[in-house]
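Quick notes on the structure that follows.
The values are calculated or read from the model by the stated rules, or taken from the named source; none is laboratory data. All of these numbers come straight from a predicted model, not from anything done at the bench. Don't worry about glycine lacking a Cβ; one is built from the backbone with ideal geometry, like all the others, and counts go over all protein chains shown.
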Amino acid sequence: MSANILIVDDEKAIRDSLKIVLDDEGFKTDTACDGEEALQKLGENEFDLVISDIKMPNLDGMQLLDEASKKYPQLFFIIMTAYAEVKTAIDALHKGAYDYLIKPVEFDDIIARVKRLMDYRKLEMEVKSLRSRISSDTGFTNLIGKSNSMKHVYNLITQVAPTNSNVLILGKSGTGKELVAKAIHYNSKRKDKMFLPINCGAISENLIESELFGHKKGSFTGAQDDKVGLFKVADGGTLFLDEIGDLPLNLQVKLLRAIEDKEFFQVGGTKPVSTDVRLIAATHQNLLEKIKCGEFREDLYYRLNVIEIKLPTLNERKDDIPLLVSHFIEKYSNEMGKKVIGAENDVIKILSSYEWRGGVRELENVIERAIIFCNSEYITPDELAENIKGSSVLHGYPDSLKDAVRNFEKEHILKTIKKFEYNKEEASKALEIGLSSLYRKMDELEIPTKSLSSDED
């Protein structure tokens with residue numbers, strides 16, 4: 001059973017005897033004579049558990065517990081005290097200790113408690129791992145990006161998720177509309193119920209009504225049994241209607257009625273079926289233009305568009321490309337059993353200057369292909385498809401990473417300052433740095449503090 005344990009006691013005989021006993025049980029141990037030495041060792045090595053006496057010179061056990069709990073929240077504590085006072089034990093537990101022992105310590109007792117604690121820790125890690133795997137498909141995990149436009153999307157998701165309001169997600173192909181829909185659902189009160197996606201453009205017109213609302217046996221040729229529609233299957237959960245702009249006009253009327261009345265009729269049915277679903281719709285089309293052309297109902301549009309989330313294209317958030325590249329490298333390296341850990345600087349330059357018509361999905365395909373052909377730890381331009389290299393324009397960054405970063409910082413800061421018409425306060429907010437830091441950067445990078453075409457700041 002592997003665990004790193006730090007034993008802290010001002011009595012050498014006690015800490016040495018505990019070390020021998022726990023070492024014999026297969027644990028890795030170290031010792032400290034007081035709280036100050038313990039804090040120093042905690043900063044130098046990773047420990048799973050601290051077993052500490054209460055009464056010690058310099059820094060006692062309770063002070064050590066306070067300090068270490070702030071710096072190392074995952075660290076477990078067992079407190080030892082020679083004073084069989086309930087208050088001392090309760091204070092230690094309230095401050096975050098896992099357990100306490102009364103001196104003189106029984107070796108069998110402490111071995112049993114440490115083993116039980118390590119079993120608990122192992123179970124806790126397994127639960128966290130399971131939750132992490134679940135959240136990778138359901139939460140924000142697959143939404144990669146720290147650009148301002150993506151932060152705006154995250155903020156909208158956070159605000160709208162707890163409500164029951166319908167949401168309309170707008171965005172071109174490859175912007176992650178279904179990922180956003182999933183993040184809304186799995187951060188809502190309906191997260192324990194079903195999330196059901198349906199692509200309205202991928203199902204023939206004569207079948208989509210049956211898919212949505214179900215049908216009765218014999219209602220049309222081939223209807224050999226009753227069928228429950230997705231509106232009922234998703235009862236209590238979320239129904240994601242992708243490519244809602246492709247929904248036929250006659251079904252738009254029935255969808256509107258289902259939204260307004262919270263009930264619908266199956267194909268061939270005579271009794272209304274009640275339902276409680278949250279609708280999230282998505283499209284890459286301009287629905288307002290389709291309304292003008294008579295191809296989409298205006299009343300349905302406003303029923304669906306209670307909250308609108310517009311997703312930026314990859315070309316509108318190129319600052320996120322390094323993060324996305326890193327994410328896809330890790331994903332496909334693991335899948336293919338390769339040890340690719342990153343991409344060369346020139347690769348990031350090429351990908352950042354390329355015009356992404358297929359969005360994030362296209363970038364993912366490019367990285368997957370590169371991983372296939374990569375035989376080293378880093379993707380090089382040689383592993384990129386010719387159309388990517390041929391269509392991209394490098395901006396003449398130097399080979400030195402330090403100089404390249406300096407050039408990029410200068411270009412980006414200057415571009416942002418110009419965007420805000422040399423208003424440094426607004427520019428610093430957009431850059432997410434302090435105003436004094438912005439001025440220092442401008443001085444370092446020799447960026448003029450005023451527009452050359454203006455005498456005013």
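Just wondering, is there one or more residues in segment 48-66 that are among the basic types (Lys, Arg), modelled with pLDDT under 90 and surrounded by 15 or more Cβ atoms within 10 Å (Cβ to Cβ)? It would help to see each step written out before you state the result.
The first filter runs over segment 48-66 and keeps only residues among the basic types (Lys, Arg), leaving 55.
Right, trim to modelled with pLDDT under 90 and you get 55.
Filter once more, so that each one left must be surrounded by 15 or more Cβ atoms within 10 Å (Cβ to Cβ): 55.
Looking for residues that are among the basic types (Lys, Arg), modelled with pLDDT under 90 and surrounded by 15 or more Cβ atoms within 10 Å (Cβ to Cβ), one finds at least one in segment 48-66, hence yes.
So, in segment 342-369, of the ones that are assigned to a helix (DSSP H, G or I) and of a type in the set (A, V, I, L, M, F, W, C), which residue ends up farthest from His284 (Cα to Cα)? Quick ask: steps written out before the conclusion?
Filtering segment 342-369 for residues assigned to a helix (DSSP H, G or I) gives 345-353, 359-369.
Narrowing the set further to residues that are of a type in the set (A, V, I, L, M, F, W, C) leaves 347-348, 350-351, 360, 363, 366-367.
On the way: Val347: 30, Ile348: 28, Ile350: 27, Leu351: 24, Val360: 15, Leu363: 19, Val366: 22, Ile367: 24 Å.
Only one residue fits best here, namely Val347.
What about Phe77, is it in a loop (DSSP other than H, G, I, E, B) and either within 32 Å of the chain's Cα centre (by Cα) or at pLDDT below 75 (or both)?
Working: in a loop (DSSP other than H, G, I, E, B): no; either within 32 Å of the chain's Cα centre (by Cα) or at pLDDT below 75 (or both): yes.
Spelling it out, it is not the case that Phe77 is in a loop (DSSP other than H, G, I, E, B) and either within 32 Å of the chain's Cα centre (by Cα) or at pLDDT below 75 (or both).
Return the residues of segment 22-56 that are small (Gly, Ala, Ser) and either over 24 Å from Glu106 (Cβ atoms) or not assigned by TED's automatic domain parsing to the domain that holds Glu11 (or both); say none if nothing qualifies. Full working, then the answer.
The initial filter retains those residues of segment 22-56 that are small (Gly, Ala, Ser), namely 26, 32, 35, 38, 43, 52.
If the condition is that a residue be small (Gly, Ala, Ser) and either over 24 Å from Glu106 (Cβ atoms) or not assigned by TED's automatic domain parsing to the domain that holds Glu11 (or both), then Gly35, Gly43 are the ones that fit.
Residue-by-condition table, conditions (1) at pLDDT below 85; (2) in the same structural domain as Ile51 (by TED's automatic domain parsing); (3) of a type in the set (Phe, Trp, Tyr); (4) closer than 15 Å to Tyr186 by Cβ:
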residue	(1), (2), (3), (4)
Glu124	yes, yes, no, no
Val127	yes, yes, no, no
Asp137	yes, no, no, yes
Thr141	yes, no, no, yes
Tyr154	no, no, yes, yes
Ile157	no, no, no, yes
Val160	no, no, no, yes
Thr163	no, no, no, yes
Val167	no, no, no, yes
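Determine if segment 370-385 includes at least one residue that is assigned to a helix (DSSP H, G or I), surrounded by 14 or more Cβ atoms within 10 Å (Cβ to Cβ) and within 25 Å of the chain's Cα centre (by Cα).
Checked against the condition, which is being assigned to a helix (DSSP H, G or I), surrounded by 14 or more Cβ atoms within 10 Å (Cβ to Cβ) and within 25 Å of the chain's Cα centre (by Cα), segment 370-385 yields at least one hit.
Of everything in segment 233-249 that's surrounded by 21 or more Cβ atoms within 10 Å (Cβ to Cβ) and assigned to a loop (DSSP other than H, G, I, E, B), which residue is modelled with the lowest pLDDT?
Ala234
Among the listed residues Gln285, Gln252, which satisfies the condition of being touching a Leu at 6+ places or on another chain (Cβ under 7 Å) and modelled with pLDDT of 90 or more?
Numbers: Gln285 fails: touching a Leu at 6+ places or on another chain (Cβ under 7 Å).
Sole residue among the options that is touching a Leu at 6+ places or on another chain (Cβ under 7 Å) and modelled with pLDDT of 90 or more: Gln252.
If the Cβ limit is 8 Å and pairs must be 6+ apart or interchain, which residue in segment 365-378 that is polar (S, T, N, Q) pairs with which residue that is in a loop (DSSP other than H, G, I, E, B) and surrounded by 12 or more Cβ atoms within 10 Å (Cβ to Cβ)?
Between residues of segment 365-378 that are polar (S, T, N, Q) and residues that are in a loop (DSSP other than H, G, I, E, B) and surrounded by 12 or more Cβ atoms within 10 Å (Cβ to Cβ), the close pairs are Asn365/Gly358; Ser376/Val340.
Taking the options Leu22, Leu49, Leu39, Leu64, name whichever one is hydrophobic (A, V, I, L, M, F, W, C), touching a residue at least 40 places away in the same chain (Cβ under 8 Å), in contact with a strand residue (DSSP E or B) (Cβ under 9 Å, 6 or more places away or on another chain) and over 17 Å from Met118 (Cα atoms).
Leu64
Are any of the residues in segment 315-325 part of a loop (DSSP other than H, G, I, E, B) and crowded, with 16+ Cβ neighbours inside 10 Å?
Step one: of segment 315-325, the residues part of a loop (DSSP other than H, G, I, E, B) are 317.
If we keep only those that are crowded, with 16+ Cβ neighbours inside 10 Å too, we end up with 317.
Checked segment 315-325: at least one residue is part of a loop (DSSP other than H, G, I, E, B) and crowded, with 16+ Cβ neighbours inside 10 Å.
What number goes with the only condition from (1) charged (D, E, K, R); (2) in contact (Cβ under 8 Å) with a residue 24 or more places away in the chain; (3) closer than 18 Å to Thr175 by Cα; (4) outside any helix (DSSP H, G or I) that Lys339 does not pass?
The single condition Lys339 does not satisfy is (3).
Quick one: count up the residues across segment 88-102 that are touching a residue at least 12 places away in the same chain (Cβ under 8 Å) and out of contact with any strand residue (DSSP E or B) (no Cβ under 6 Å at 6 or more places or on another chain).
Count: 4.
Read through the list (1) in contact with a helix residue (DSSP H, G or I) (Cβ under 8 Å, 6 or more places away or on another chain); (2) buried (at least 16 other Cβ atoms within 10 Å of the Cβ), then give the number of the only condition that Gly201 fails.
(2)
Go through (1) over 27 Å from the mean Cα position of the chain (by Cα); (2) at pLDDT below 90 one by one and return the number of the condition Gly358 breaks.
(1)
Which of the residues spanning segment 420-447 are in contact with a helix residue (DSSP H, G or I) (Cβ under 8 Å, 6 or more places away or on another chain), over 16 Å from Asn407 (Cα atoms), surrounded by 12 or more Cβ atoms within 10 Å (Cβ to Cβ) and among the charged types (D, E, K, R)?
Matches in segment 420-447: Lys424 only.
Working only within segment 218-232, note down all residues that are closer than 18 Å to Ala258 by Cα and surrounded by 14 or more Cβ atoms within 10 Å (Cβ to Cβ).
Let us first name the residues in segment 218-232 that are closer than 18 Å to Ala258 by Cα, namely 227-232.
Once the filter is applied, which keeps residues that are closer than 18 Å to Ala258 by Cα and surrounded by 14 or more Cβ atoms within 10 Å (Cβ to Cβ), segment 218-232 yields Lys227, Gly229, Leu230, Phe231, Lys232.
If you scan segment 347-363, which residues turn out to be crowded, with 18+ Cβ neighbours inside 10 Å and in contact (Cβ under 8 Å) with a residue 40 or more places away in the chain?
Lys349, Ile350, Leu351, Trp356, Gly359, Val360, Leu363 - these are the residues of segment 347-363 that are crowded, with 18+ Cβ neighbours inside 10 Å and in contact (Cβ under 8 Å) with a residue 40 or more places away in the chain.
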